[in-house]
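Single-structure report; data block below.
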Amino acid sequence: MDQTLHTETLCIQAGYHPGNGEPRQIPIVQSTTFKYATSEEMGKLFDLEADGYFYSRLANPTCDAVAAKIAALEGGTAAMLTGSGQAANFYAMFNIASCGDHIVASSSIYGGTYNLLSVTMKRMGVEVTFVDPDCSEEALNAAFRPNTKLLFGETIANPALTVLDIEKFAHAAHAHGVPLIVDNTFATPVNCRPFQWGADIVTHSTTKYMDGHASAIGGCIVDSGKFDWTAHPDKFPGLCTPDESYHGITYTQRFGLAGAFITKCTAQLMRDLGSVQSPQSAYYLNLGLESLPFRMRQHCTNAQTIAEYLQGNEKVAWVKFCGLEGDKYHALAQKYMPGGSCGVISFGLKGSRQAAEVFMKHLKLGSIETHVADSRTCCLHPASSTHRQMSDAELEAAGVGADLIRLSCGLENAQDLIADLEQAIAQV
Ligand SMILES: *Cc1c(COP(=O)(O)O)cnc(C)c1O
């Protein structure tokens, strides 16, 4: 697809181009398997000599069309859908880092990804070093080892709301001959396209804004096609030497830099681990993508209006949102996301934990959920729900103070949301 087209156009048109008499909307190809007239024809697919479908764990037309749309939105060369954001991050990292290897990751990342690295991938023999994303370039460089295979961070971290200095991270990764993988879930390609700033691979939990209606769990991996694996064949043998489990193919030779990473990820990891996104979920995801730019605008302006309101309320102790001028990450957000960041804010009330509990109890429009990035406003007080087993001191150390309230601003009218917040805060 013409990559000079604007985001709004790509969200509607990219990925699916029906011919005469074919369905206008992406058909849900709810079929596990595909029929062929001869074994020879099917054999060509297995040898990767012909394009086509044979089994939906490896490829499905609905999922492929939606992945192609997300690739176009990010400005990448290839993409694949996964069953969840967790699967996307695991596959993206495990595709190039395995037993005996090392990963450097920002310490300010989604809790699920933190556990994936520090618990499950550790058990698989992959070591991780976490770095403060705000550290100096020297400190970042010092975290790399000879067996480091990638650097990982989140554009806007969930839930800490730190903004990643993507150029600083890309520079450090490339100086050590490894790619930068960025989880772009919160910003979405509407607000930030990490490839423009040097990232090599982008991941998404499509469960969040891309779907946007809390209807389907999903993930996506996009490759920029820019990282030259063949410049470091010793670091990336999986991409640069023959895969005996897949017809002796050398992925970089056969598919070039544009296709090697995603083809290997599909042919090996999806084949063996199988976290596919269902065609039905991909269809819901596509409906979400069609309106993504318009929804993101509303999420962001609502968050800005509400953050400013909270800042002016005398019962509010602090507000964290990179759209606010005094915020620690305002300058980075202006650089990487001049058009808006996301709809998630965090804040604390004077009176800490007790005040938060009273406030939460009285919300009428905002609902209590562990979810974020939904069309409906949702709110969470981690200290009394997801993190309730932790003491106040442990919460402080984890960067989730006992008073922290996370507010994901939905698509409702901002004045209605403010009236709801105001009456709930008044009860405190
Ligand atoms: C939610 C989330 C994930 C995990 O995605 P699931 O779809 O829930 O598996 C990963 N990264 C970020 C930034 C997230 O917000």
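Brief remarks on what is shown
- Subset of segment 16-36 (residues that are out of contact with any Pro (no Cβ under 7 Å at 6 or more places or on another chain), of a type in the set (Val, Ile, Thr) and assigned to a loop (DSSP other than H, G, I, E, B)): 26, 32
- One residue from 170, 187 being of a type in the set (Gly, Ala, Ser), within 16 Å of the ligand (Cβ to nearest atom) and within 20 Å of the chain's Cα centre (by Cα): 187
- Condition check for residue 187: surrounded by 24 or more Cβ atoms within 10 Å (Cβ to Cβ), of a type in the set (Gly, Ala, Ser), closer than 30 Å to residue 380 by Cα and in contact with a strand residue (DSSP E or B) (Cβ under 7 Å, 6 or more places away or on another chain): yes
- Taken together, the residues in segment 207-244 that are more than 13 Å from the ligand (Cβ to nearest atom), in a loop (DSSP other than H, G, I, E, B) and on the phi < 0 side of the Ramachandran plot amount to 12.
- One residue from 107, 98 being closer than 20 Å to residue 223 by Cα and surrounded by fewer than 19 Cβ atoms within 10 Å (Cβ to Cβ): 98
- Flag if residue 142 is crowded, with 22+ Cβ neighbours inside 10 Å, at pLDDT 95 or above and more than 30 Å from residue 381 (Cα to Cα): no
- Residue identified as touching a residue at least 60 places away in the same chain (Cβ under 8 Å) and either in contact with a Lys or Arg (Cβ under 6 Å, 6 or more places away or on another chain) or not hydrophobic (A, V, I, L, M, F, W, C) (or both) among 344, 276: 276
- Scanning segment 90-127 for residues that are part of a strand (DSSP E or B) and over 25 Å from residue 386 (Cα atoms) yields a total of 4.
- Residue count, segment 6-35 (criterion: surrounded by 14 or more Cβ atoms within 10 Å (Cβ to Cβ) and out of contact with any Asp or Glu (no Cβ under 7 Å at 6 or more places or on another chain)): 14
- Filtering segment 390-428 to residues that are assigned to a loop (DSSP other than H, G, I, E, B) and at pLDDT 95 or above leaves 409, 410, 411, 412, 413, 427.
- Exactly one residue out of 129, 120, 155, 148 is polar (S, T, N, Q), touching a strand residue (DSSP E or B) at 6+ places or on another chain (Cβ under 8 Å) and within 16 Å of the ligand (Cβ to nearest atom), and it is 155.
- A single member of 243, 228, 234 is touching a helix residue (DSSP H, G or I) at 6+ places or on another chain (Cβ under 9 Å), surrounded by 16 or more Cβ atoms within 10 Å (Cβ to Cβ) and acidic (Asp, Glu), and it is 243.
- Residues being assigned to a loop (DSSP other than H, G, I, E, B) and either away from the ligand (no atom under 16 Å from the Cβ) or modelled with pLDDT under 95 (or both) - total across segment 332-371: 12
- The set of residues in segment 37-74 that are assigned to a loop (DSSP other than H, G, I, E, B) and touching a residue at least 60 places away in the same chain (Cβ under 8 Å) comprises 47, 48, 56, 57, 58, 59, 60.
- Scan of segment 301-319 for residues that are under 29 Å from residue 216 (Cα atoms) and surrounded by 21 or more Cβ atoms within 10 Å (Cβ to Cβ), ordered by number: 302, 303, 306, 307
- Of all residues in segment 190-206, those satisfying the criterion of being within 11 Å of the ligand (Cβ to nearest atom) and in a strand (DSSP E or B) are 203, 204, 205.
The values are calculated or read from the model by the stated rules, or taken from the named source; none is laboratory data. Since we're looking at a predicted model, the values are computed, not measured. Here Cβ is always computed from backbone atoms with ideal geometry, including for glycine, and neighbour counts include all displayed protein chains.
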